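Okay, structure first, notes after.
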Protein chains: 2
Amino acid sequence: MTGKGLEPVRWRNRMLEVLDQTRLPARLSYVRLRSVDEVCDAIKTMKVRGAPLIGVVGAYGLVLSLKNIRTNDRAEARRQLRRYADALIQTRPTGVNLRWAVERVFNSSSHAKTVSSLKDSLESEAEAILKGELESARKIGEFGAPLLEDGDTVLTHCNAGALATVGYGTALAVVRAAVEEGKEISVIATETRPLLQGSRLTAFELAHDGIPVRIICDSAAAQVLARGLVDKVLVGADRILKTGHVTNKIGTLPIALSAKFYGVPFYAAAPFSTLDFETDPSRVVIEERDQREVLYFKGARLGPRGVEALNPAFDITPPELVSGIVTDVGVAGPPLGESLGSLAGRVLMVSR
Amino acid sequence: MTGKGLEPVRWRNRMLEVLDQTRLPARLSYVRLRSVDEVCDAIKTMKVRGAPLIGVVGAYGLVLSLKNIRTNDRAEARRQLRRYADALIQTRPTGVNLRWAVERVFNSSSHAKTVSSLKDSLESEAEAILKGELESARKIGEFGAPLLEDGDTVLTHCNAGALATVGYGTALAVVRAAVEEGKEISVIATETRPLLQGSRLTAFELAHDGIPVRIICDSAAAQVLARGLVDKVLVGADRILKTGHVTNKIGTLPIALSAKFYGVPFYAAAPFSTLDFETDPSRVVIEERDQREVLYFKGARLGPRGVEALNPAFDITPPELVSGIVTDVGVAGPPLGESLGSLAGRVLMVSR
């Protein structure tokens, strides 16, 4: 079994333990999160990151917020819970899984008749989300593996692996499933500035699983594609619109443009919970993160004093650059709007 | 006068002094190069970098190689000189100015009747190259400035400024000349991994000149273009083919693809000596630099041990993505092959 031992989140004794991803690959250490505030902080500082994983962590964050709620009035308790839900959602505004998971846990509170029964409803809903994500990752691998051929080299960006989820990964779930089918797959991972999730996390977890991986600077992806070194591009996603627009880590868009130019298929892989059927592409909020992420490295200033940086954390890849979207309910191909719609129909059928 | 005080190379008392660009922006310190070996090493380790500047430094490197030549036989002296010329050219195989400058100095040796007169011929030829580059940069600015409008934001990559040349710069010469004409221009500089010439050098020299500059990660260029924050893209070049293919710092190609996709003009600026009318695009040697540049930062390892990196230093932007090439003899527009040819005709006319 691949991915063994990399458990990015654990719920133990009503406490959340998360693998501190800011310290990888140098240190494998866990942080205990005892309150909703600590959860918000861990998400903001990217100790936990990866769209599916922050969904799970946000879900448990809402469970932890119950500690702060001391009223016996059910309606008042739900009002307070709503405020914590909003605070959790605001920690990372671009991704959609966080909102989806937090809303799902919040909605489960409507079934609880008393304040004291709230805790059980919320906790079992969070647990269901965690289990669902594990299953999702497995399914993404299953649906995506046929896209990869024996001998393929896959280019990936950021970390869409076991460390971004609670199991197998999303983009890397596809790689892992193909490898488990006996295919030889090697990976080229972009380092992913400014926080280096590619060199720190993707390279780490693939090396851990014995899957060959090489690192490149983000800016080298086009050249590596031009040289014919890549057979497929496979990335994760933080929000996929019904039009097929893929919001993902900054730097995904230029890779998609380069892949299109050199005729290499570009796939995004994400659980269906990443789909946002409401928002218009022009209305997606692109999180602008602290410019110090760009200007400093381990405390050392990279540029001259007084010069500022722009640090958008995501970009949006339009559907004409996307060859397919691998989800836990199937693969959507072009035209993406249509095929995502029919996948959504399938999800509704199953959930009824 | 802009660029004042930034003198990246000096020839004093038959010794070459170069600004150590690996230590910028933290320290402004000069290294003395006393031998051709020291010159080769300074180019390889990128203490000096930037296509036009390494041309000048390579030219003086050949002058310094005379110290090693102890024969009185003119033919033997030229044979030895040839070997040093080849060693200098091999330090950075992709750029064309280095070869051009070294060959020019080498060829000047054919006029010398005696070994002792070699020194004077070579030294005056190197000096002519240095003066020519100063003049070139000024002309590039003059020809390019009309491309920029008052209020424009220019996106640039790597460092094509005063620090890459001996004067005004190439891409940044255009910005400086436009600013001197009274236009308000602001710059977005990509940091340029792995060696951060953008945040370390471009931001440094523009801030030094009082031109507004902001830094972004390389991977954010597409998103910044998508958001409409950029009016023109302007980069330098290490080798321009007669077809209009532009070889430049790794990461130029994805910016050109993004600029094309979002309808933003993409210009390269370089002295005419950067043109290579011989080589076919498929035959351009892309320098592969030490993978430790990608895997380490200031001694700290970024990725897990045992994982390797690819580190191509350049990429090639095809002519269909290039809106124009600004040279010291004029601006070539599409179709580039044709207009570069007619600029070449103009150069031949002048040099006759």
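The numbers here are math on the coordinates, done by the rules we state, and not lab data. Keep in mind the model is a prediction, meaning the values are calculated, not measured. Here the Cβ positions follow ideal geometry from the backbone for every residue, glycine too, while neighbour counts run over all protein chains shown.
For the reader, a short list of remarks on this structure follows.
- Other-chain or far-sequence residues with amide H under 5 Å of B:Asn248's (modelled H): B:Asp238, B:Asp315, B:Thr317
- Two-decimal ratio, the range A:289-352, of alpha-carbon radius of gyration to 2.2 N^0.38 Å: 1.91
- Sites A:Glu293 and B:Ala75 - FRET efficiency at Förster radius 56 Å, r taken between beta-carbons, to 0.05: 0.40
- Between the range A:176-213 and the range A:282-315, the Cα center-to-center distance that results, in Å: 26 Å
- Overall form of chain A per C-alpha gyration tensor (a/c, 1.5; a/b vs b/c): prolate
- Overall dimensions of the protein assembly as shown as given by Cα atoms, namely Rg and Dmax in Å: 28.2, 105
- Neighbour cut-off at most 10 other Cβ (10 Å), DSSP loop, trypsin sites (Lys or Arg not before Pro), the range B:10-74: B:Arg27, B:Arg70
- In the range A:55-146, the convex hull through the Cα atoms has an average projected area of 6.1 nm², a quarter of its surface area.
- The largest-to-smallest principal axis extents of the Cα set in the range A:81-235 are 62, 34, 23 Å.
- Evaluated over the range B:211-352, the Cα radius of gyration and Dmax, each in Å: 17.4, 59
- Distances in nm from A:Arg283 to the matching label points in the other copies, shortest first (labels 7 Å along Cα to Cβ): 5.8
- Considering only Cα atoms, the convex hull volume of the range B:203-292 works out to 143 Å³ per residue.
- 24 Å Cα-Cα reach of A:Lys183 towards lysines, excluding residues that sit fewer than 8 places from it in its own chain: A:Lys4, A:Lys139, A:Lys232
- Computed from the C-beta positions of B:Tyr30 and B:Asp280 and an R0 of 41 Å, the FRET efficiency is 0.55 to the nearest 0.05.
- Distances from A:Gln90 to itself in the other copies, using label points 7 Å out along the Cα-Cβ axis, amount to 6.3 nm in increasing order.
- Of the GluC sites (Glu not before Pro) in the range A:134-183, the ones in a loop by DSSP (not H, G, I, E or B) with at most 12 other beta carbons within 10 Å are A:Glu149.
- Inter-part distance where the range B:1-70 and the range A:1-66 are each reduced to a Cα centre, Å: 51 Å
- Using alpha-carbon coordinates, inclination of helix B:51-65 to the longest axis of chain B, degrees: 10 degrees
- Under 20 Å from a label point set 7 Å out along the Cα-to-Cβ vector of A:Thr45, the amide N atoms of the range A:67-104 belong to A:87-93.
- Other-copy label distances relative to B:Leu134, 7 angstrom Cα-Cβ extension, nm: 7.3
- Projection of the Cα convex hull of the range B:60-100, averaged over all directions and equal to a quarter of that hull's surface, yields 2.9 nm².
- The angle separating the long axis of helix B:252-261 from the principal Cα axis of greatest extent in chain B is about 30 degrees.
- In chain B, the DSSP beta bridges split such that about 55 percent are antiparallel, to the nearest 5.
- Percent antiparallel among DSSP beta bridges (both partners in the protein assembly as shown, rounded to 5): 50 percent
- Environment charge at B:Tyr168 (Cβ cut-off 9 Å; Lys +1, Arg +1, Asp -1, Glu -1): +2
- Once the Cα gyration tensor of the range B:107-150 is diagonalised, semi-axes √(5λ) in Å: 37, 7, 4
- Net charge, A:Ser109 excluded, C-beta distance under 12 Å - Lys, Arg +1, Asp, Glu -1: +3
- To the nearest ten degrees, helix B:171-180 and the longest principal axis of the Cα atoms of chain B are 70 degrees apart.
- For the range B:83-125, the equivalent ellipsoid built from the Cα gyration tensor has semi-axes of 22, 10, 7 Å, listed from largest to smallest.
- Its relative contact order, with pairs defined as Cα atoms under 8 Å and 6+ residues apart, puts chain A at 16 percent.
- Remark: the Cα gyration tensor places the range B:1-107 in the prolate category, a/c being 1.5 or greater and a/b exceeding b/c.
- Charge sum, other residues only, whose C-beta stays under 15 Å from B:Glu184's C-beta, Lys/Arg counted +1 and Asp/Glu -1: -3
- Relative contact order for the range A:137-274, counting Cα pairs under 8 Å that sit 6 or more residues apart, in percent: 27 percent
- Take the Cβ atoms of B:Ser116 and B:Asp86, set R0 to 25 Å, and the FRET efficiency comes out at 0.60.
- Prolate/oblate/rounded call for the range B:153-202, Cα gyration tensor, a/c under 1.5 rounded: oblate
- Couplings for the range A:126-143, taken from phi via the Karplus curve 6.51 cos²θ - 1.76 cosθ + 1.60 with θ = phi - 60°, read 4, 4, 5, 5, 4, 5, x, 5, 4, 5, 4, 4, 4, 5, 4, x, 4, 6 Hz in order; Gly and Pro are left as x.
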